[in-house]
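A quick write-up on the structure given underneath.
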Amino acid sequence: MGKLMTRIGCAALLSVSALTVAGMALPRAAANVAASSTRQANVDTFKIDPAHSSVVFKVKHMGVSYVYGRFNEFSGEVVWDGEDPTKHSIKAEVKATSVDTNSNGRDNHLRGPDFFDSANSPTIVFESTGVKESGSDKYEVEGKLTLHGVTKPINVTIEKVGLADLPRMGKRLGLACEFTVKRSEFGMTYGIDGAVSDEVTILLAFECGVGGR
Amino acid sequence: MEEFIQKQLVWAVAMPLGIAIVCMVIAWRPWQRDKRESVRGWWGGPLAIGLGYLVGHVAINKWPSLPPSSGDDYLFLFAVAGTVVGVLESIRMPVWIRWSIRLVLCTTVSWFMLSKGYKSGHTAGILAAWTAGQALAIFLVWTLLERLAERRTGPSVPLALSLLIAVASVYFLRGSSGKLAQLAGVLSASLGGAALVAMSVPRVSSARGLLAVAIPLYCALILYSWQYDKPFGTPILLAAAPLALWIAEWRESLTAVVGRVLLAVVPALFALTLLLWFLLDQASGESLY
């Protein structure tokens, strides 16, 4: 009888303990769910607005000057997490045929086998693989750049220019960055001996909107 | 700029030419007059053109990326494949095996020289038709020229091809690409080396191997350029130009080497004129960029 009472006592004690632990844990779980939904609310998927964005590059010509060019057709998507920068992601796609350097002959040459080989590599793609905050409105972005059919890892620093909810345009996000690549690493070696520099500086300025606006 | 030109002359002309001469001399042994020895030289043609081209290609264009990412990477691989097929063709083998290997190479060149952009925008049926049509054209040019080379030993075939590809090189330069022009120059120089040896050794033949590198590579250059150039007739003229050598076969009065070579070059010059006409028509008075 004594043993039975002891067992019942232990069982009751265990049950009370379990209920106490559960009682402490439940509000936390509920809080987590609430936090999760708040965070969801702070995550926006933006589309790049080509009318307010630019993809520009510059190269050294014959070692004496810089020539600037741009791409007129591009698109992309930015996922922006208002609370956790590591959740940001960026993907941008540029049509190689849309290269524009203010010279038809040169643009045709750039589209051809000597440079972009646009018939075989029609798009230039950047896709982020990781993001971390590196300062006030500055982010270190690791990603992959596919150019001329060759994909290479690349690190760039992106600046958040602004984020605002505008009366007629809705939520807008502005990002900008400048980085340099060696075109030879992407198999673009033509004229590298002096006519056109190996280093190409790329300047990106994206204005992105939510919901295709 | 002078340094650039010197480098081009050395790597795009002198090196391929030298390599081709060395290979041909070792293979055909000009110092041996015994006709039975001539059999030993067949493998020299594909090695001369193949190695000459590959060295020039790497010097101008760096090593190709693997897997291939652009058209010129494929050109390098075609040269390797052509050299292997050429050496195989130098060995006596049944015609059906030789033609089967040839068809595989022609189809491979044809398929990979259809641009990715074209492939993504057309149905499987159209792609199959283009691939088969182009492959058949390459096969015909190769096989007909081979027949001619079997009958005509000496320099006429490699010399005609060398000059023809030199003209095509100007066409590539004006039409789409300095790189293709340089690579055509390398191929032309390699063939020039083979022609130089054939001039001093009349028993040297371009049949059984040499054309396995030269024709698929030449056609691949044309097809690659065609992805960007607009005039429709010029690539056909350029590809068919070597067949003009057959005209010299038919007419006894034109059998001299110079006549045969000129006949092959005329369609290429005509193709070049067409392109220049096209470019002049498009010209917008732009300055040199």
### Query
How about region A:54-102: which of its residues are β-branched (Val, Ile, Thr), more than 14 Å from chain B (Cβ to nearest Cβ) and surrounded by fewer than 18 Cβ atoms within 10 Å (Cβ to Cβ)?
A:VAL56, A:VAL79, A:THR86
### Summary
Picked from region B:115-151 (must be free of Cβ contacts under 8 Å to residues at least 60 places away in the same chain and assigned to a loop (DSSP other than H, G, I, E, B)), the residue surrounded by the most Cβ atoms within 10 Å (Cβ to Cβ) is B:HIS122
### Query
So B:SER225 clears everything in (1) modelled with pLDDT of 80 or more; (2) within 14 Å of another protein chain (Cβ to nearest Cβ); (3) touching a Lys or Arg at 6+ places or on another chain (Cβ under 9 Å) except one condition, right? Which one?
(3)
#### Entry: Considering residues of region A:156-213 that are among the acidic types (Asp, Glu) and within 14 Å of chain B (Cβ to nearest Cβ) only, the residue nearest to A:LYS58 (Cα to Cα)
A:ASP198
### Task
Give the residue that is nearest to the other protein chains (Cβ to nearest Cβ), with candidates limited to residues of region B:197-222 that are assigned to a loop (DSSP other than H, G, I, E, B) and not hydroxyl-bearing (Ser, Thr, Tyr).
B:GLY209
### Task
Residues being of a type outside the set (Asp, Glu) and facing chain A (nearest Cβ under 10 Å): count how many of those fall in region B:53-83.
13
### Query
Which residue out of A:GLY105, A:GLY170, A:GLY209 is in contact with a Gly (Cβ under 9 Å, 6 or more places away or on another chain) and surrounded by fewer than 18 Cβ atoms within 10 Å (Cβ to Cβ)?
A:GLY170
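The values are calculated or read from the model by the stated rules, or taken from the named source; none is laboratory data. In this text the structure is predicted, and so the values were computed from the model without any measurement. Counting neighbours? That spans all protein chains shown, and the Cβs are built from the backbone with ideal geometry, glycine included.
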